[in-house]
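First comes the structure, then the notes that go with it.
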Amino acid sequence: MTTKKLDKEHVDAINALQENFTKNTNAVGSISIELEFLETQKQSLTDRKTNLIQQFVGLREEETKLVETLKEQYGDGQINIVDGTFTPYDEGQA
């Protein structure tokens, strides 16, 4: 079997194609790693959001209990947080 020498043009084309395959493969790998990192970040943010929503629900429950306690002690009216006063509603205003 006789070996033939490839034209420089064909060798260059093969080398360029191999280089482009390598660049492409590396780019796909980099994107895959970035996507994995983003998924991890997304999951972390989703977990934080879930925890904050649970805290919000707990705060709403605390608020409801406090309003009930205040209503039992002071009746219906308006609270001024700035000066710490309570003004009862006139009858029929509530």
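Points to keep in mind about this one:
- Selected residue [open to solvent by 100 Å² or more (accessible area, probe 1.4 Å), on the phi < 0 side of the Ramachandran plot and under 31 Å from the mean Cα position of the chain (by Cα)] from GLN73, GLN55: GLN55
- Hey, GLN78 out of contact with any Ser or Thr (no Cβ under 8 Å at 6 or more places or on another chain) and open to solvent by 100 Å² or more (accessible area, probe 1.4 Å) or not: no
- Test: residue in the range 19-30 that is open to solvent by 100 Å² or more (accessible area, probe 1.4 Å), part of a helix (DSSP H, G or I), of a type outside the set (Lys, Arg) and within 30 Å of THR87 (Cβ to Cβ): no
- Boolean, GLU61 is under 30 Å from TYR89 (Cβ atoms) and not hydrophobic (A, V, I, L, M, F, W, C): yes
- Taken over the range 81-94, the criterion of being open to solvent by less than 100 Å² (accessible area, probe 1.4 Å) and either part of a helix (DSSP H, G or I) or charged (D, E, K, R) (or both) is satisfied by ASP83 alone.
- Some residue of the range 31-49 being open to solvent by less than 80 Å² (accessible area, probe 1.4 Å), part of a helix (DSSP H, G or I) and of a type in the set (A, V, I, L, M, F, W, C): no
The values are calculated or read from the model by the stated rules, or taken from the named source; none is laboratory data. On a predicted model such as this, the values are computed, not experimentally measured, just so you know. When we count neighbours, we look across all protein chains shown, and the Cβ atoms used for this are built from the backbone with ideal geometry, even at glycine. Accessible surface areas use protein heavy atoms only, side chains included; no ligands, DNA or RNA. Shrake-Rupley method; radii C 1.70, N 1.55, O 1.52, S 1.80 Å.
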